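Okay, structure first, notes after.
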Amino acid sequence: MTTSHDAAVPPSPDEGGTSSAEYGPIDAVPVRHPGRWVALLVIAVIFAMIISSLVTNERWDWPYAFRVMNYNPVLEGLIKGTIIATIGSMIIGVTLGTVVGIMRLSDNPVLTFVGFLYTWFFRGIPRLVLVVLFGTGIGYLYPRFDIGPFPFSQQLAGWLGLSNDLTLFTLNVNEISTTLVWAIIAMGLSEAAYMAEIARAGIMSVDDGQREAAAALGMSPGLSMRRIVLPQAMRVIIPPTGNETIAMLKDTSLLAYLPLATELFNQTQIIGNRTLKIMPSLMAACLWYLVLTSVLMVGQHFLEKRFGRGYGNTAVETKRDVNRTKLTGLTIGGGK
């Protein structure tokens, strides 16, 4: 009686079987994909037409566009109105958004409601409206802040008929702030609403067993969140955060509607309207945006690689492991 394992073994040459060497190499015919070549040809033709238009059409005036990129007002707008505004807005957005995201996951119903109310309000108002509202309206609505020893001290002094309104000192809003500051605050508050949802999704992606293990080790909820949950959630948080950073970089062009003089898009518009070379001036802004977004994409790639360690092999890592195994001669079948 033979087992299924014995039946699966091919007969040896001594028993009348045929050795595997007698069959010869397998002449496999690769699967043909004519559609790929057709698509490649169509894409190549379209790409060649675009390049031809960019090179042969003199109205693009690329030399002038490159000169505009190096004008001092444009460089000032690049640094102050684009880079600084992006960094300041994302610092506010990431910090406040993480706090709001944690609030939405809290067991405290008051914190949960406040977190929901915040995201509902700032996600519901367009960012351009917020920028104009804060940039032009805050200084009008609140030209000064009277600081007292406790909340409602001025109102209480008025109700009691006191000669002193209990004001300790006064802040002149228009003197200590600029339009750029309020624009950064507006964009940061708007961004925090989106970052709250990103942070909430990242935190929810971490298994509850991680929190239970941290609690078993005696960690407080806050310490567990900082040391255990958030580091693991970064793998999920970083990709959309990088996308939001790039979006914020482009949304700084909204500052031109304040109008803010130190802003990249506004400066290129001014130069284009003054010289009547609209497209070359706008292309100068486009080229700077492409440079900055490319830098951010490279940084995002390395951050994803850093925080994605230990979560299984990607396709690239798998291919790299196979090549390394072949080089060391440890492939299956004795390195054949």
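GLN232 passes every criterion in (1) assigned to a helix (DSSP H, G or I); (2) in contact (Cβ under 8 Å) with a residue 24 or more places away in the chain; (3) closer than 17 Å to LEU128 by Cα apart from (3). Under the condition of being surrounded by 12 or more Cβ atoms within 10 Å (Cβ to Cβ) and either in a loop (DSSP other than H, G, I, E, B) or charged (D, E, K, R) (or both), the residues counted in the stretch 127-142 number 1. Of the residues contained in the stretch 102-113, none is found to be touching a Lys or Arg at 6+ places or on another chain (Cβ under 8 Å) and at positive phi. Given (1) within 14 Å of the chain's Cα centre (by Cα); (2) among the acidic types (Asp, Glu); (3) farther than 30 Å from GLY81 by Cα, identify the lone condition not met by GLU244. Here GLU244 meets the rest and fails (3). Regarding the stretch 102-114, can at least one residue be identified that is part of a helix (DSSP H, G or I) and among the small types (Gly, Ala, Ser)? So far as the stretch 102-114 goes, no, none of its residues is part of a helix (DSSP H, G or I) and among the small types (Gly, Ala, Ser). The set of residues from the stretch 72-90 being touching a helix residue (DSSP H, G or I) at 6+ places or on another chain (Cβ under 7 Å) and either over 27 Å from MET187 (Cα atoms) or among the aliphatic types (A, V, I, L, M) (or both) comprises VAL74, LEU78, ALA85, MET90.
From the list SER12, SER106, SER89, the lone residue that is at pLDDT 90 or above, surrounded by 10 or more Cβ atoms within 10 Å (Cβ to Cβ) and either over 30 Å from LEU249 (Cα atoms) or touching a Gly at 6+ places or on another chain (Cβ under 7 Å) (or both) is SER89. Filtered by the rule that a residue be aliphatic (A, V, I, L, M) and closer than 30 Å to ALA247 by Cβ, the stretch 121-175 gives ILE125, LEU128, VAL129, LEU130, VAL131, VAL132, LEU133, ILE138, LEU141, VAL173. Among the numbered conditions (1) surrounded by fewer than 19 Cβ atoms within 10 Å (Cβ to Cβ); (2) in contact with a helix residue (DSSP H, G or I) (Cβ under 7 Å, 6 or more places away or on another chain); (3) at pLDDT below 90; (4) of a type outside the set (Phe, Trp, Tyr), the only one that SER153 does not meet is (2).
Within this structure, THR136 fails the test of being over 29 Å from LEU117 (Cα atoms) and among the hydroxyl-bearing types (Ser, Thr, Tyr). Scanning the stretch 214-229 for residues that are surrounded by 16 or more Cβ atoms within 10 Å (Cβ to Cβ), free of Cβ contacts under 8 Å to residues at least 24 places away in the same chain and assigned to a helix (DSSP H, G or I) yields ALA214, SER224, ILE228.
Could you tell me whether any residue of the stretch 203-213 is in contact (Cβ under 8 Å) with a residue 40 or more places away in the chain, within 18 Å of the chain's Cα centre (by Cα) and over 30 Å from TRP60 (Cβ atoms)? The answer is yes, given that some residue of the stretch 203-213 is in contact (Cβ under 8 Å) with a residue 40 or more places away in the chain, within 18 Å of the chain's Cα centre (by Cα) and over 30 Å from TRP60 (Cβ atoms). Checked against the criterion of being among the small types (Gly, Ala, Ser), in a helix (DSSP H, G or I) and exposed (fewer than 15 other Cβ atoms within 10 Å of the Cβ), the stretch 52-75 has at least one qualifying residue. Checking THR245, THR252 one by one, the residue that is assigned to a helix (DSSP H, G or I), among the polar types (S, T, N, Q) and either without any contact (Cβ under 8 Å) to a residue 60 or more places away in the chain or in contact with a Ser or Thr (Cβ under 6 Å, 6 or more places away or on another chain) (or both) is THR252 and no other. Restricted to the stretch 159-184, and to residues there that are exposed (fewer than 11 other Cβ atoms within 10 Å of the Cβ) and either touching a residue at least 24 places away in the same chain (Cβ under 8 Å) or not in a loop (DSSP other than H, G, I, E, B) (or both), the residue that is farthest from the chain's Cα centre (by Cα) is LEU160. Going through (1) within 30 Å of LYS250 (Cα to Cα); (2) among the hydroxyl-bearing types (Ser, Thr, Tyr); (3) in contact (Cβ under 8 Å) with a residue 12 or more places away in the chain one by one, TYR140 falls short only on (3).
The values are calculated or read from the model by the stated rules, or taken from the named source; none is laboratory data. Bear in mind the structure is a predicted one, so any value in this text is a computation, not a measurement. Note that each Cβ is placed from the backbone with ideal geometry, even for glycine, and that neighbours are counted across all protein chains shown.
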